[in-house]
Amino acid sequence: MTERLRVYLLLFVAATLVACGGSSDDWEGDAPSGMVDNVRLDRELAGCRMMFAGGLPPAIADAPNLRGLCYEAFAIIHDGSTRTPKVVLQAIDRTSLTAAQGIQRTDYFFADARLPAAERAEPADYSWSGFDRGHLAPAADMPTDTAMAQSFSLANIVPQAPSHNRGPWAQAEAATR
């Protein structure tokens, strides 16, 4: 592994650990000051607790327009003010990654209709932008056809410079797998 890739992986792991916020033992009572303690967001994420460390959503700074989205193989806390994911979480293991090897990539990007129109990215937002549509929960990790299709939700996408998306980011994803 190159030193540059090692640094990206360490940054990726560190960001993931910070986003996950710790174990359920750290969360007795109310959320820490300035962190999300939103009943609606908690309800929206109830069906995808298995993606979270300790079964609890990550401790993240409160922001307007946060929405929880559960998918088959990942979960998102989406920020409607930026129209991008704030946090994307997935649980992967050898079994799911083995299953993912047989899944055909779909490449059909779509706006997630569960988000209000003013808070979601649309395919046209990327047309002629010069940016790649960069997955945060990688398509190559998806263990079923449904999960693969869901990974192309623009709620799971951030704009990335092509050299980054196809270079260091792709290397970090592959090394994680």
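In this entry, Asp93 is excluded by the filter for residues that are open to solvent by 30 Å² or more (accessible area, probe 1.4 Å) and either of a type in the set (Phe, Trp, Tyr) or modelled with pLDDT under 80 (or both).
As a summary of the residue check, Trp128 satisfies the conditions (1) of a type outside the set (Asp, Glu); (2) in contact with a helix residue (DSSP H, G or I) (Cβ under 7 Å, 6 or more places away or on another chain); (3) surrounded by fewer than 16 Cβ atoms within 10 Å (Cβ to Cβ) except for the one numbered (2). Out of curiosity, is Arg67 more than 13 Å from the chain's Cα centre (by Cα) and basic (Lys, Arg)? For Arg67, the condition - more than 13 Å from the chain's Cα centre (by Cα) and basic (Lys, Arg) - is not met. Looking at segment 150-157, is at least one residue of a type in the set (S, T, N, Q) and touching a helix residue (DSSP H, G or I) at 6+ places or on another chain (Cβ under 6 Å)? Yes, segment 150-157 has at least one match. Might you let me know whether segment 74-96 holds any residue that is among the hydroxyl-bearing types (Ser, Thr, Tyr) and over 23 Å from Glu173 (Cα atoms)? Yes: segment 74-96 contains one or more residues that are among the hydroxyl-bearing types (Ser, Thr, Tyr) and over 23 Å from Glu173 (Cα atoms). No other residue among Glu119, Glu44 is in contact (Cβ under 8 Å) with a residue 40 or more places away in the chain and open to solvent by less than 60 Å² (accessible area, probe 1.4 Å) apart from Glu119.
The set of residues from segment 131-143 being surrounded by fewer than 20 Cβ atoms within 10 Å (Cβ to Cβ), touching a Lys or Arg at 6+ places or on another chain (Cβ under 8 Å) and outside any strand (DSSP E or B) comprises Ala139, Ala140.
Somewhere in segment 147-155, is a residue surrounded by 15 or more Cβ atoms within 10 Å (Cβ to Cβ), of a type in the set (A, V, I, L, M) and more than 15 Å from the chain's Cα centre (by Cα)? No, segment 147-155 contains no residue that is surrounded by 15 or more Cβ atoms within 10 Å (Cβ to Cβ), of a type in the set (A, V, I, L, M) and more than 15 Å from the chain's Cα centre (by Cα). Residues that are in a helix (DSSP H, G or I) and in contact with a helix residue (DSSP H, G or I) (Cβ under 7 Å, 6 or more places away or on another chain) within segment 39-84 comprise Arg49, Ala53, Gly54, Gly55, listed in sequence order. With respect to the conditions (1) of a type in the set (Asp, Glu); (2) modelled with pLDDT under 95; (3) touching an Asp or Glu at 6+ places or on another chain (Cβ under 8 Å), Asp141 lacks only one, and its number is (2). Please determine whether any residue of segment 104-115 is under 28 Å from Leu66 (Cβ atoms), without any contact (Cβ under 8 Å) to a residue 24 or more places away in the chain, of a type outside the set (Lys, Arg) and open to solvent by 40 Å² or more (accessible area, probe 1.4 Å). The answer is yes, given that some residue of segment 104-115 is under 28 Å from Leu66 (Cβ atoms), without any contact (Cβ under 8 Å) to a residue 24 or more places away in the chain, of a type outside the set (Lys, Arg) and open to solvent by 40 Å² or more (accessible area, probe 1.4 Å).
Can you tell me which residue in segment 156-168 is most open to solvent (accessible area, probe 1.4 Å), limited to those that are assigned to a helix (DSSP H, G or I), out of contact with any strand residue (DSSP E or B) (no Cβ under 6 Å at 6 or more places or on another chain) and of a type outside the set (S, T, N, Q)? Filtering first and then ranking leaves His164.
The values are calculated or read from the model by the stated rules, or taken from the named source; none is laboratory data. Since the model is a prediction, treat every value here as computed from it, not as a measurement. Reconstructed Cβ throughout: ideal geometry from the backbone, glycine too, with neighbour counts over all protein chains shown. Remember, those area values only see protein heavy atoms, side chains included, never the ligands or the DNA or RNA. Shrake-Rupley method; radii C 1.70, N 1.55, O 1.52, S 1.80 Å.
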